[in-house]
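Peer 1: Please find one structure pasted underneath; my questions will follow.
The values are calculated or read from the model by the stated rules, or taken from the named source; none is laboratory data. It should be emphasised that the depicted structure is a prediction, and the values quoted were computed from it without experimental measurement. Glycine also receives a Cβ, built like all others from the backbone with ideal geometry; neighbour counts cover every protein chain displayed.
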Amino acid sequence: MFSYSSTYAQLDLLKKVSKSADKLINPIDNSDKDISNGLTEALKISVNKSCHEASSFGGFLDNKKIKISFPDEIIRVKKACLKLGLNDLILNFENKLNKTAEHVSVKASAIILIAVYDLKFTDALEILNGHDSSATLYLRNKSSKNLYQSFYPIVQKEIENTGVNHLLDDIIKRYNQIPFIKKVDFDLSDYITIKTIDGIFYLIAEKEGEIRNNPDARVTGLLKKIFK
């Protein structure tokens, strides 16, 4: 007759054998899944924080790293207007550029997160072991076209709300009145769309770098697990 201790020992042995057999039949390695989920979580946190920061009062205007300046493509217009004493007009236009980007950024997180959730991290390990903004760069490369198409109509609406388009029209009108100059035309919506996306992704990359390098920024168990 078996003792209770020998019976429990045999049951324990059977459980171990069963688990080993199950692994042979259905091998499961959760490490890649953890890495994929962890990178997605890191991006999710980075996107939400970055869009909140960008859309706050002065989010673009007061951040020298992402502040939108007068377009280089028509910088001659700015120089000419400053010579004409139109400093306030130029300053107001530059402020409105950044204010428009801040307004657009309010809706940015919902758009970018769609791309985050759609990502298939087949190369998750490479991204994890990459540089401080590898996941951000991967996200941007995979989603830039869709992001531009989504952002552009929002920008078109916001330039009307902020009036930055009318300021540029006034600036270009005055510039074009200067004798013997080459007339200019400029796609303001395209410029603000690109610069807004650039600024937001700059912030996302910063946040990703913090998660990778600062243990205090790893606010979930999964982040602490994969970023060691």
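Peer 1: Residues that are at pLDDT 50 or above and acidic (Asp, Glu): find the helices (runs of 4 or more DSSP H) completely inside the stretch 1-87 holding 1 or more of those.
Peer 2: Here the list reads 4-25, 30-55.
Peer 1: Here is a further query. Please work out which residue is surrounded by the fewest Cβ atoms within 10 Å (Cβ to Cβ), limiting yourself to the stretch 194-228 and to residues that are in a helix (DSSP H, G or I) and free of Cβ contacts under 8 Å to residues at least 60 places away in the same chain. So that I can check it myself, show each step before the final result.
Peer 2: Here is the first cut: in the stretch 194-228, the ones in a helix (DSSP H, G or I) are 194-213, 215-217, 221-226.
Then drop every residue that is not free of Cβ contacts under 8 Å to residues at least 60 places away in the same chain, which leaves 194, 197, 210, 215-217, 221, 224.
Numbers: Ile194: 17, Ile197: 24, Glu210: 17, Pro215: 10, Asp216: 7, Ala217: 18, Gly221: 9, Lys224: 12.
Restricting to residues being in a helix (DSSP H, G or I) and free of Cβ contacts under 8 Å to residues at least 60 places away in the same chain, the top hit is Asp216.
Peer 1: Across the stretch 164-205, which residue is farthest from Lys142 (Cα to Cα) among those that are of a type in the set (Asp, Glu) and under 32 Å from the mean Cα position of the chain (by Cα)?
Peer 2: The extreme case among them is Asp169.
Peer 1: While we're on this one: Pull out all pairs, ordered by first then second residue, where Cβ-Cβ is under 8 Å, the residues are six or more apart or on different chains, the first lies in the stretch 122-136 and is of a type in the set (Val, Ile, Thr), and the second is outside any helix (DSSP H, G or I).
Peer 2: From the stretch 122-136, the pairs are Ile127/Phe121.
Peer 1: Oh, and also: What helices (runs of 4 or more DSSP H) completely inside the stretch 116-191 contain at least 3 residues that are on the phi < 0 side of the Ramachandran plot, of a type outside the set (Phe, Trp, Tyr) and modelled with pLDDT of 95 or more?
Peer 2: Answer list for the stretch 116-191: 134-162, 164-176.
Peer 1: Sticking with this one: From (1) touching a residue at least 12 places away in the same chain (Cβ under 8 Å); (2) within 22 Å of Ile111 (Cα to Cα), pick out the condition that doesn't hold for Lys145.
Peer 2: All conditions are met except number (1).
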